[in-house]
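The values are calculated or read from the model by the stated rules, or taken from the named source; none is laboratory data. Note that this is a predicted model, so its numbers are computed, not measured. Cβ coordinates were reconstructed from backbone atoms using ideal geometry, including for glycine residues, and neighbour counts include every protein chain displayed. For accessibility, only protein heavy atoms count, side chains too; no ligands or nucleic acids. Shrake-Rupley method; radii C 1.70, N 1.55, O 1.52, S 1.80 Å.
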Amino acid sequence: MRYDFAPMEGLTDTVFRRLHRRYFPGVDRYYMPFYSPTIHRTLTQKESRELPPAEAEEYTVIPQILTKSAEDFLWAARVCRDLGYREVNLNVGCPSGTVVAKGKGSGMLRDPDGLARFLDAVFQDSPLPVSVKTRIGLERPEEFPAILEVYNRYPLAELIVHPRLRSQFYKGDVNLDAFAYAAEHSRNPLCYNGDIYSRSQAEALAARFPEIRAIMIGRGLLANPGMLCGCSDGAQVERFMEELLDAYTQAFGGSRNAMFRLKEHWSYLRRSFPEDSRLWKQLRKTTDVSQYREITDEIFRSLPFCPEAAKNQRPPAL
C-alpha cells in the first residue's frame with residue numbers, strides 16, 4: 001500500500017515537508033497545497049518558492065492545480081513539466097465558500113457536463129499525467145454516480161476520493177458506501193482520503209477495499225506526524241516542532257509569524273494530547289513567542305503524547 005500526505009493549504013508547505021520527511025519517514029508521496037494559475041501566466045516569488053524544481057526535492061512531490069479554466073490548467077501543467085515534475089493533480093474537492101462560488105474546487109461538481117468539457121480539453125493536450133482529487137458531490141450522495149461516470153471517460157493517473165459532500169466540509173462521517181461504489185465502478189486507479197488517524201485504521205481500510213492502491217492522509221498526520229513510521233515518542237515530536245519553529249522563523253524573517261503558523265499546526269496536534277483547558281486556552285491566546293515556548297514546553301512535560309486518542313476526537317478550535 002502506498003501512503004500519501006494530503007495537500008493542506010497553509011500547513012504542508014516546502015518547509016514542513018522537508019522536516020517531516022527527515023523526522024518521520026513512511027510517506028511515499030507528498031501533495032503540494034494547490035496552486036491557482038491566473039491570466040497573467042507568471043509565478044509570483046512565493047509561488048516559485050513553493051514550486052521549486054523537482055530535483056530540489058529529495059522525495060516524490062505532486063503539484064496540485066486549482067482552476068476552472070482548461071487553458072490555465074494546461075499552462076500550469078507545462079510549467080510543472082518544465083520544472084521536472086512527472087504528474088499533476090486537479091483539485092475538484094476544495095469545499096471553501098470562496099472557491100466554490102468561483103466554480104472551482106468542488107464547485108466544479110455542480111455541472112458534470114462542464115467538468116467533462118474541462119477534462120476533454122485537458123486530456124487532449126496535457127503534457128503530464130493528470131490525477132484528480134474529488135468529493136462525491138455538493139449536497140447529495142446521489143450525485144456521485146454521474147460524477148464518477150465523467151471520470152471514467154478519461155485515463156486518469158489516479159482518482160483520489162474523499163467520500164464527503166461539499167456541504168459537509170470536514171464534518172460528519174465519511175460515506176464509505178459511496179467509496180464502495182467507486183471501488184466497484186471506477187475504471188481508474190483509486191486512492192482513499194478521509195478520517196484516517198492511525199496506521200491500524202489505514203490497514204483496516206485497505207483490507208476492506210483491496211481494489212485501492214493508495215491511501216491519502218492529511219489531518220491524521222498533522223495530529224500524529226509519526227503515524228506511518230510507528231513513532232509515538234513525544235520527545236521526537238517536540239524536537240520536530242522546535243526545529244519547525246526555527247525553520248519558519250528563518251523563512252518568514254521573524255519569529256512572530258512563525259509562531260502563528262505553528263499554532264495552526266497545534267490545532268491538529270493537540271488531538272494527540274489529553275484535554276487541558278488551561279494550557280490550550282493559553283496557547284490559543286498568546287501572541288508572545290517566549291510565552292508560546294513556555295506553554296508548549298509545559299504541554300510536552302506535563303501531558304502524555306497519546307496519538308491513538310486522536311482518532312476518537314473531532315478537531316477542536318485553537
Exercise. DSSP loop (so not H, G, I, E, B), at most 15 other Cβ within 10 Å: list which trypsin sites (Lys or Arg not before Pro) in the range 1-70 pass both filters.
Key: ARG41
Quiz item: If you stretched the chain out fully between SER48 and SER69, how much longer would it get, using 0.36 nm times the residue separation minus the C-alpha to C-alpha distance?
Solution: 5.5 nm
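Could you tell me whether the range 169-318 comes out rounded, prolate or oblate from its Cα gyration tensor? Rule is a ≥ b ≥ c as square roots of the eigenvalues, rounded for a/c under 1.5, then prolate if a/b exceeds b/c, otherwise oblate.
Numbers: a/c = 2.34, a/b = 2.09, b/c = 1.12.
Since a/c reaches 1.5 and a/b is larger than b/c, the shape of the range 169-318 is classed as prolate.
For the range 216-304, which whole percent of the accessible surface, found with a 1.4 angstrom probe, sits on carbon and sulfur atoms? Please list the in-between numbers first.
On the way: 1630 of 3830 Å².
Taking all protein chains in place, the range 216-304 shows 43 percent carbon and sulfur surface.
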Quiz prompt | Rg/Rh for the chain, where both radii come from Cα atoms and Rh is the Kirkwood radius | solution = 0.96
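Go ahead and run the numbers for FRET between ASP297 and ASP177, Cβ-Cβ distance against an R0 of 30 Å, rounding to 0.05. Let's see the in-between values first.
Details: r = 45 Å, r/R0 = 1.51.
Efficiency at R0 = 30 Å is approximately 0.10.
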Quiz item: Taking the Cα centre of each part, how many Å lie between the range 114-158 and the range 7-53?
Solution: 23 Å
Quiz item: Ignoring ligands, DNA and RNA, what accessible area per residue does the chain give at 1.4 Å, in Å²?
Solution: 44 Å²
Quiz prompt | With every protein chain in place, the range 118-185: carbon and sulfur % of accessible area (1.4 Å) | solution = 49 percent
Quiz item: How about the range 264-296: which trypsin sites (Lys or Arg not before Pro) there lie in a loop by DSSP and see at most 14 other Cβ atoms within 10 Å?
Solution: none
Practice problem: Determine the calculated [θ] at 222 nm for the chain from helices alone, applying -39500 (n - 2.57) to every DSSP H run no shorter than 4 residues and normalising by the residue count; nearest 500 deg cm²/dmol. | Solution: -13000 deg cm²/dmol
